[in-house]
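Note sheet for the following structure.
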Amino acid sequence: MPDFAYIARNLQGVKVSGTVAAASEREALSLLSSQSLFPVSVTNEEPKNKTFSFSRRVSGQTMAQAYGQLAALLRSGVSLLRSLKVLREQSSSPVLHEVLDDVYERVEDGEMLADAMSRHPRIFGEMGINMVRAGSEGGFLEDALERVSQFTEQQEDLKGRTMGALAYPVVLGVIGTTIVSILVVFFVPKFAEMFDRLREAKEMPMLTEALLIVSETIRGYGIFLAAIAVVLYLWLRNHLQTERGRRQLDYVKLKAPLFGPIWQSLAVARFCRVLGTLMHNGVSILRSLEIASAAAGNVVLSEAITKASENISSGNSLSRPLAACGHFPATVIEMISVAEEANTLDKVLIEVADNLERRTSRKLDLTVRLLEPIMLLVLAFVVLLVVIALILPIFKMFNTI
């Protein structure tokens, strides 16, 4: 039985504190009332290591299955508490099992499901929490959970396709960098002694001289260069965790020459899907815009959407401020404008998200296919430079002889 730390006042108004053992927070309040104490605050003294796992994430696929199972149980007439208990027992993820255990206890104590989920935002996400809150208030909790499940599964599927498409270019880049590094560090120095006479006579080709300088620098200062690279990496990682760093990175993503349009389309698609899903389930347009802007996954785009929502609160349409921000394609703006006039904005937004994701998936596949030969050509060009740099002095020595 857990202990609850409390701060209360007695009949004389004197503040007192202590702990009380109870099965739930409600029982703790009842025990304090029976002792003629008026609670100011009651806190469950849980072990610190129990909350540590709550900070870890659960895979999107696992969360999609959990939302779908909970929706199916509720549709079958199973009570919410019983559904949470079944879901907790069937969970294969230790982290999700602990989280569901905490949610079950809080709901059992009379807390709303959305409020209990909001204590674990890294697990359920802001969109899922707000969808559940809207579903609980509007009486369509099962539909809201089902839509969150579908949305999460679609996002995971898109993420999986993206990572799968980029796997081969990344592996190719790593192998190419390794090959070039081995050539420069271990193969090139073997020719240095042969070229000493040309160096003394100052007849060494510039390309060969540059290659030998790079090789000697890496061999002599490799450890220091590696340490500098690690320090720069740590600084960059910490910088990107700041608000300014995230904004700079997201701006670069939108303006990148090759992948910029792809990242932009994916962010717009996420925004449209979340906004359409929330509006379809009865969430107000302003609250939906607030949630969807954060779900876009791009700070620059989110700030532009937030400015657009200010015009919505003044009674203007959604399409005009979105067009003014400059981050939405003209076709998307036109479809949103027509949907506002026809009062079908929620359905059209989901259709826009589907179309954008299909086009972006095809564009990503084409870009990756172009990226593979480009990387092969770059790798071949670098290796060719190394070979030419080694052959030129040999030809020069033969001509001298």
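Find the residue count for the stretch 58-85, including only residues that are within 29 Å of the chain's Cα centre (by Cα), of a type in the set (A, V, I, L, M, F, W, C) and more than 15 Å from Gln150 (Cβ to Cβ).
2
Can you confirm whether the stretch 352-365 contains a residue that is in a loop (DSSP other than H, G, I, E, B) and surrounded by fewer than 16 Cβ atoms within 10 Å (Cβ to Cβ)?
no
Inspect all residues belonging to the stretch 177-191 and state whether any of them is charged (D, E, K, R) and touching a Lys or Arg at 6+ places or on another chain (Cβ under 7 Å). Give the steps one after another, and end with the answer.
Pass one, the stretch 177-191, residues charged (D, E, K, R): 190.
Those left that are additionally touching a Lys or Arg at 6+ places or on another chain (Cβ under 7 Å): none.
No, the stretch 177-191 has no match at all.
If you scan the stretch 368-380, which residues turn out to be more than 22 Å from the chain's Cα centre (by Cα) and either surrounded by 15 or more Cβ atoms within 10 Å (Cβ to Cβ) or not in a helix (DSSP H, G or I) (or both)?
Leu371, Met375, Leu379, listed by residue number.
Does the stretch 220-232 contain any residue that is in contact (Cβ under 8 Å) with a residue 24 or more places away in the chain and either in a helix (DSSP H, G or I) or crowded, with 16+ Cβ neighbours inside 10 Å (or both)? Please lay out each step first, then the result.
The first filter runs over the stretch 220-232 and keeps only residues in contact (Cβ under 8 Å) with a residue 24 or more places away in the chain, leaving 222.
This time we only want the ones that are either in a helix (DSSP H, G or I) or crowded, with 16+ Cβ neighbours inside 10 Å (or both), so: 222.
The answer is yes; a qualifying residue exists.
Examine the stretch 76-87 for a residue that is among the polar types (S, T, N, Q), in a helix (DSSP H, G or I) and over 29 Å from Glu290 (Cα atoms), and state whether such a residue exists.
Yes; the residues of the stretch 76-87 include at least one that is among the polar types (S, T, N, Q), in a helix (DSSP H, G or I) and over 29 Å from Glu290 (Cα atoms).
Of the residues that make up the stretch 201-215, is at least one over 20 Å from Ile388 (Cβ atoms) and either in a helix (DSSP H, G or I) or hydroxyl-bearing (Ser, Thr, Tyr) (or both)?
no
What number of residues within the stretch 381-401 are in a helix (DSSP H, G or I), at pLDDT below 85 and either more than 52 Å from the chain's Cα centre (by Cα) or not aliphatic (A, V, I, L, M) (or both)?
Counting residues in the stretch 381-401 that are in a helix (DSSP H, G or I), at pLDDT below 85 and either more than 52 Å from the chain's Cα centre (by Cα) or not aliphatic (A, V, I, L, M) (or both) gives 8.
Kindly indicate the residue of the stretch 155-172 that is touching a residue at least 12 places away in the same chain (Cβ under 8 Å) and under 14 Å from Ile262 (Cβ atoms) and also farthest from the chain's Cα centre (by Cα) among those meeting that condition.
Filtering first and then ranking leaves Pro169.
The values are calculated or read from the model by the stated rules, or taken from the named source; none is laboratory data. Since the model is a prediction, treat every value here as computed from it, not as a measurement. Reconstructed Cβ throughout: ideal geometry from the backbone, glycine too, with neighbour counts over all protein chains shown.
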